[in-house]
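Comments concern the structure below.
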Amino acid sequence: MRLFWRHGYEGVSISDLTNAIGIAPPSLYAAFGSKAALYREALDRYAGLPGVLSNQFTAKTLKGTVKNLLRSAVDAATDSNGEGGCMISTGLIQCASEHADLASDLADRRRRMREKIADALTSWLDKCAANSLARYLTTVILGLAIQARDGATRLDLEQVVDEVVAGLRARERKRQLSK
């Protein structure tokens, strides 16, 4: 998992995997069937780690929920026990055509994350507004992961969170004034 997280799917060879696991290539194929199958198992394991969506929908306000969600994204992306960034965000955006099914799997995982966020936001917003805000927040979360991978510090990323929350406050004030 850590090799794929650190280098992405195409950045890890069978040799890298067998050396890290301590087995010969035939054993890897016997156990997992293919590098792609091992990658999917690594993604499943990664998804089981505490992360962005772990218990972040307990706040009593929209602003609190968004703030918790984005701060969790910062925590996950900058966790010193991890590899920096997000394996699902950065693992396989562009790829060789023979890996299109894996790229599609990752896109589906990101879509499901967006849908979970949208579902949580319907406590405060209608479905259309929740979907729109969820798409925006997912874009920010993916951007935070990429910025972390590029070396942004926790402080740098927390400033982004503050900007998003300030935007929510301004949006709410504007909505209240228009009533």
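Every number here is computed from the coordinates shown, using simple stated rules; none is lab data. Every value quoted in this text rests on a predicted model; they were computed, and no experiment measured them. With ideal geometry, Cβ positions are generated from the backbone for all residues, glycine too; neighbour counts draw on all protein chains shown.
If you wrap the tightest convex hull around every Cα atom of region 68-115 and split its volume per residue, you get 76 Å³. Computed about the Cα centre, the dipole magnitude for region 1-156 is approximately 580 debye when only Lys and Arg (+1) and Asp and Glu (-1) carry charge, each at its Cβ.
With helices as the sole contributors, the chain gives -22500 deg cm²/dmol at 222 nm; each DSSP H run of n ≥ 4 counts as -39500 (n - 2.57), and the sum is divided by every residue. For the pair Asp44 and Ala20, label points projected 7 Å from Cα toward Cβ lie 1.8 nm apart. Here the contact order of region 1-48, divided by its residue count and restricted to Cα pairs under 8 Å and six or more residues apart, works out to 43 percent.
Dimensions of region 52-177 along the principal axes, based on C-alpha atoms and rounded to the nearest Å, stand at 52, 31, 24, largest first. Label sites at Asn81 and Ser13, each approximated as a point 7 angstrom past Cα along Cα to Cβ, lie 3.2 nm apart.
Computed over the alpha carbons of region 122-174, Rg followed by Dmax gives 12.8, 37 Å.
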